[in-house]
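Notes to accompany the following structure.
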Amino acid sequence: MKNILLFFAFTLTGYIGLSQTRLEPLTVEKIMRDPKWIGSSPSDPEWSADGKTLYFQWNPDNAPADSLYAFDVQSGKINPVAVSQKSLVVFARNLVYNSARTQYVYARDGDIFWQEIKSGKAKQITQTTAPEFAPAFSFNDTKVVYQQGDNLFAWDITTGETRQLINIQKEKKADTEKKKNIQEDWLKNDQLQLLEMLRERKEKKEATKAYNKTTASTALKPVYTGNKNIRNARISAGGNFISLILFNSNTEGKRTIIPNYVTESGFTEDINGRTKVGAPFSSGELMIYNRQLDTAYIINTDSLPGINDLPDYVKDYPGRKTKETKRPVNITTVQWAPGADAAVVSIRSVDNKDKWIMLLDPGTGILSLLDRQRDEAWIGGPINNAGWINNELYWFQSEVSGYSHLYTVNTRTKEKKALTGGSYEVQNAALSSDKKYFYITTNQVHPGEKQFYRLHITDLRQERITAPEGANEVTVSPDETKLATLYSYSNKPAELFLQDTKPGSKARQLTYKAQSDEFKTYPWRAPEVITFKARDGGEVYARLYKPANPHPSKPAVIFVHGAGYLQNAHKWWSSYFREYMFHNLLADNGYYVLDMDYRASAGYGRDWRTGIYRFMGGKDLTDHIDGAHYLSNTFGVDPKRIGIYGGSYGGFITLMGLFTAPGTFAAGAALRPVTDWAHYNHGYTSNILNTPAEDSIAYRKSSPVYHAEGLKDELLICHGVVDVNVHFQDVVRLTQRLIELGKDNWEVAMYPVEDHGFVEPSSWTDEYKRIFKLFERVLKK
């Protein structure tokens, strides 16, 4: 009997302990805690230089922050890296090899290091207080070239001699000697006649000046760059030419002041914010320094094909005087051939309508066209990977087909060849060290998956290496025999896996801490990825959360992801994990939830990406309206009980939905929303809407503040007061507009210590309690 009672007591105690950690029922307070309660996913995997160790960030012990861990490939053990050892770790990603891959160089803590692989011989090349960076092999692999300040230096591998290669100076020294009057001249001459010491010093100074003048021919002549800054100083393989990207950092644009009210000092402190769209822009140019001739010259871009082309939108302003003018450009990259005096230069127009890939003959300064991408909306998408295969063949990515794909161009014949094609995106690409393969990540299996392939250059055959459904974020080992993969699924946070670089090889799981015991107690939904037809025939992908027990009133909520160009209707663990958990909570409370990749989202090609050009709140909004119709037609959702919410761009769409399509959404929560695009930043906004002075039509159509009179449904606005991205000023201006319009169906919740991305769990909790309360009150009444 005693044993039975003890067993009962033990079982009861275990049951109580288990019940205390169970999540059900979900509440906002539970899911919006510090994310450490979920578990710890590894991140940022990096291979060691020899490929024997895999490093990654991790926090399995729930410490205040992640730490560096090391997985030993041979022993299979994982251990934390001691703080004293972290600064000595060298990641393979930071290594630069010679052409034979027998030596490598790298920068660490502002110094340059060299190592020979076979012998293990190593040298620290520099040990200075000034930082050195960007090491590379040059002079046919006999020297290591690195940058210090604006200048390049060469270290001879055999002799150890270091030599300066270029002498950059900002401006010529002005004649600063003050003009003297007669009285000052008399005093100077009198002093020289009176004091022998002054005469001797003057004679020595003049003698030194004369000597320096006679030896100046052996020194490097100054290369003057004026008031321009230098980016990416690079040297050719033979050491004959140096390229310098020059640019002006425009400081004329007025910046927004962001008041910070909650401070340690007790006084309001100002944060110096960003400029607004349309502020004076920066442009750049390319300088080439010919070391043999000791001369420098600017490469002329005035003859770029289409440099005078005006954008199509100017046709909407027939009364405006337009004249043919050469558009300003920026030099984005200069890549020297691996064994020839030639370079490929990537150039973009400042208006981002054109990208040119040009071949440069550095001796003559002549540019010749290899490829031009013109987009009347804006150049974008995953197209930034590029490089040389050999001294003739260059590879790059382009959206010319409508999707980002891989191409080569022969720099001698100018012949182009597509290596991939189809209605999918090559999202990442890297050339193998032996130049026989490309390693590519694509979404060809499904727009919501990331799979890794090996592409044979000779016959274009693709071998799929990864298999699991979801996202496979791969880091290849230095010898390319192994893959470190961060794998996640829609309801499973990422864990780290290791596998061989072979089709069909089995992946071995290395970490098991992404889900805490408490997190595992709830049956998290794997939302179904569905499609529905938009009114123009477009196929919209979306995540669908279905309630097991729909509420009798049949309510629904539509979530709008932020950023615009971002993907969330996918099959991997979302960066919107809080919203994912909130959607599970909503479904538990009888709501249908739809989370779509509306027009402008990433992952679906050029036409989808640019579908909002000159009209934000156009097709991106109608996609959400069509999503509401889909919910009603498919699941019987009450069309008068649909809510909408989202942050940043999602907050903007929420406002546009309530302001321009009243009656579609009964309630909306706009979190940190853009209310007037003329007040957002230049880089993002000018691509999509051009600039306010040039295209005022686009800004007036796209900005919620101009449509606020249409508000008829319930609106909640939440915004961080110290938001340096979408400024709190946006909400203040809209608030005044709503007051003037006499609207009384809205409220604002401000968060005094929060930036654009909230940090404090208390802020997240308060915000989502308000959202949930809004939907419960309006959609279920």
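The values are calculated or read from the model by the stated rules, or taken from the named source; none is laboratory data. Keep in mind that what you see is a predicted model, and the values were worked out from it rather than measured. Backbone-built Cβ (ideal geometry, glycine too); neighbour counts: all protein chains shown. Just the protein is used for accessible areas: all its heavy atoms, side chains included, with ligands, DNA and RNA removed. Shrake-Rupley method; radii C 1.70, N 1.55, O 1.52, S 1.80 Å.
Scattering from the chain was approximated by placing one identical point on each alpha carbon and applying the Debye formula without solvent; log10 I(q)/I(0) at 0.05, 0.07 1/Å stands at -0.34, -0.66. With the helix formula -39500 (n - 2.57) applied to DSSP H stretches of n ≥ 4, the chain reaches a computed 222 nm mean residue ellipticity of -6000 deg cm²/dmol. For segment 375-384, the Karplus equation 6.51 cos²θ - 1.76 cosθ + 1.60, evaluated at θ = phi - 60°, returns couplings of 9, 5, 8, 7, 5, x, x, x, 10, 8 Hz by residue, with Gly and Pro reported as x.
Taking label positions 7 Å along the Cα-Cβ direction at both ILE530 and GLU171, the computed distance is 6.6 nm, reported to one decimal. For GluC sites (Glu not before Pro), the sites in segment 380-422 that DSSP calls loop and that have at most 11 other Cβ atoms within 10 Å are GLU415.
Candidate cross-link partners of LYS228 among the lysines, defined by an alpha-carbon separation under 29 Å and a same-chain spacing of 8 or more, comprise LYS143, LYS170, LYS172, LYS173, LYS178, LYS213, LYS254, LYS276, LYS323, LYS326, LYS353, LYS355.
Checking every one of the chymotrypsin sites (Phe, Trp or Tyr not before Pro) in segment 727-781 against DSSP loop status and a limit of 11 other Cβ atoms within 10 Å picks out no site at all.
Couplings for segment 734-740, taken from phi via the Karplus curve 6.51 cos²θ - 1.76 cosθ + 1.60 with θ = phi - 60°, read 5, 4, 4, 5, 5, 5, 5 Hz in order; Gly and Pro are left as x.
Per-residue Karplus couplings for segment 447-458, computed as 6.51 cos²θ - 1.76 cosθ + 1.60 with θ equal to phi - 60°, are listed in order as x, x, 10, 10, 10, 10, 10, 10, 9, 7, 5, 5 Hz, Gly and Pro entered as x.
Against the longest principal axis of the chain, how steep is helix 577-588, in degrees 0 to 90 to the nearest 10, with axes from Cα atoms? Roughly 10 degrees between the two axes.
Here the relative contact order of the chain, from alpha carbon pairs under 8 Å that lie six or more residues apart, stands at 9 percent. The listed residues THR408, THR664 rank as THR664, THR408 when sorted by accessible area, largest first, using a 1.4 Å probe. Accessible area of ILE125 (1.4 Å probe, protein heavy atoms only, ligands and nucleic acids ignored): about 30 Å². State log₁₀ I(q)/I(0) for segment 595-645 at q = 0.21 Å⁻¹ as given by the Debye formula over alpha-carbon point scatterers of equal weight, solvent excluded. Those come out to -0.76, one per q. Between the C-alpha center of segment 529-570 and that of segment 318-390 there is a gap of 39 Å. Starting from segment 244-285, pick out the GluC sites (Glu not before Pro) whose DSSP state is loop and whose Cβ has at most 15 other Cβ atoms within 10 Å. Passing both the DSSP loop test and the Cβ count: GLU252, GLU264. All Cα-Cα separations within segment 48-131 were binned at 10 Å from zero, giving a P(r) of 15, 40, 32, 12, 1, each value a whole percent of the pairs. For segment 695-781, the per residue solvent-accessible surface stands at 45 Å², with DNA, RNA and ligands left out and a 1.4 Å probe.
When the Cα positions of GLY339, GLN127, SER601 are compared along the charge dipole of the chain, GLY339 comes out farthest toward the positive end, with charges on each C-beta of Lys, Arg, Asp and Glu.
The share of accessible area on segment 290-438 that comes from carbon and sulfur is 48 percent, using a 1.4 angstrom probe. Name the residues whose placed amide hydrogens come within less than 5 Å of the amide hydrogen of GLY284, ignoring near sequence neighbours (fewer than 5 apart) on the same chain. Amide H neighbours of GLY284: VAL329, ASN330, ILE331.
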